[in-house]
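One structure is given here, and the rest of the page talks about it.
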Amino acid sequence: MDVRKASSSDIQAATGLVELDRRHRQKYQPVFWRKAANSAAATQEFLAKLLEEPGTFFLVATEGSQMLGFLVARKFPVPPVYDPGGDTYLIDDFCVLEPRHWLTVGEALLSHVSTLIHEHGAVQIVVVCADRDLAKVEMLRRSDLAIASNWWTKSLK
């Protein structure tokens, strides 16, 4: 497996992984995670923009020509009432091809980006994870991350 900086040729495969992930998350919370009809096109445009964004780390894990996963870490402003002592990076877009890849591919991507952002002065990462994404949760726990906050939701329909 090769972990490297993403290029424009990776956008289509990353978009495919995001769409797959959205279909799974939609099962967990059908309203909160409801996939928009134009989500693939919007994602492709968004990821292309992130690729060019300074201070953003966009990594992919590949084996041969197949993308196994990707991760995007972006500098995230901390609310002014908190002072973690340095920069925080948000990892929201973080997908793998299959749940079984979280403990290998996901862990490799997270480890790699953690090293990179630490070298750039960051003191903290925040990773978004759906509550019922159990394979990802297990990888995050094994990687010494802890839950800092939960979002609770209720449909009002």
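The values are calculated or read from the model by the stated rules, or taken from the named source; none is laboratory data. Everything quoted here is computed from the prediction, not taken from an experiment. Cβ: placed from backbone, ideal geometry, glycine included. Neighbour counts: every protein chain shown.
The set of residues from segment 27-60 being of a type in the set (A, V, I, L, M) and touching a Ser or Thr at 6+ places or on another chain (Cβ under 9 Å) comprises 31, 40, 41, 47, 48, 50, 51, 60. Hey, can you tell me all the residues within segment 46-81 that are assigned to a strand (DSSP E or B) and not aliphatic (A, V, I, L, M)? Residues satisfying the conditions are 56, 57, 58, 62, 63, 66, 69, 70, 74, 75, 76. Here segment 6-43 is the region considered, the condition is being modelled with pLDDT of 90 or more and of a type in the set (Ser, Thr, Tyr), and the residue that is surrounded by the most Cβ atoms within 10 Å (Cβ to Cβ) is 15.
Within segment 27-61, can you find the residues that are closer than 21 Å to residue 127 by Cβ and among the β-branched types (Val, Ile, Thr)? Hits for segment 27-61 are 43, 56, 60.
May I ask you to verify whether residue 31 is part of a loop (DSSP other than H, G, I, E, B) and under 30 Å from residue 156 (Cα atoms)? Spelling it out, residue 31 is indeed part of a loop (DSSP other than H, G, I, E, B) and under 30 Å from residue 156 (Cα atoms). The residue that is nearest to residue 9 (Cα to Cα), among those in segment 55-95 that are hydroxyl-bearing (Ser, Thr, Tyr) and surrounded by 14 or more Cβ atoms within 10 Å (Cβ to Cβ), is 62. Each residue in segment 5-20 was checked for being without any contact (Cβ under 8 Å) to a residue 60 or more places away in the chain and assigned to a helix (DSSP H, G or I), and 8 pass.
Just name the residue that is nearest to residue 93 (Cα to Cα) out of those in segment 26-55 that are polar (S, T, N, Q) and touching a helix residue (DSSP H, G or I) at 6+ places or on another chain (Cβ under 7 Å). Among those that are polar (S, T, N, Q) and touching a helix residue (DSSP H, G or I) at 6+ places or on another chain (Cβ under 7 Å), it is 43.
Note on segment 102-142: among residues that are under 30 Å from residue 30 (Cα atoms) and in contact with an Asp or Glu (Cβ under 6 Å, 6 or more places away or on another chain), the one that is modelled with the lowest pLDDT is 128. Can you name the residue in segment 96-152 that is without any contact (Cβ under 8 Å) to a residue 60 or more places away in the chain and in a strand (DSSP E or B) and is also surrounded by the fewest Cβ atoms within 10 Å (Cβ to Cβ) among such residues? Out of the qualifying residues, it is 123. When we screen 48, 6, 36, 40 for residues that are in contact with an Asp or Glu (Cβ under 9 Å, 6 or more places away or on another chain) and small (Gly, Ala, Ser), the only hit is 40.
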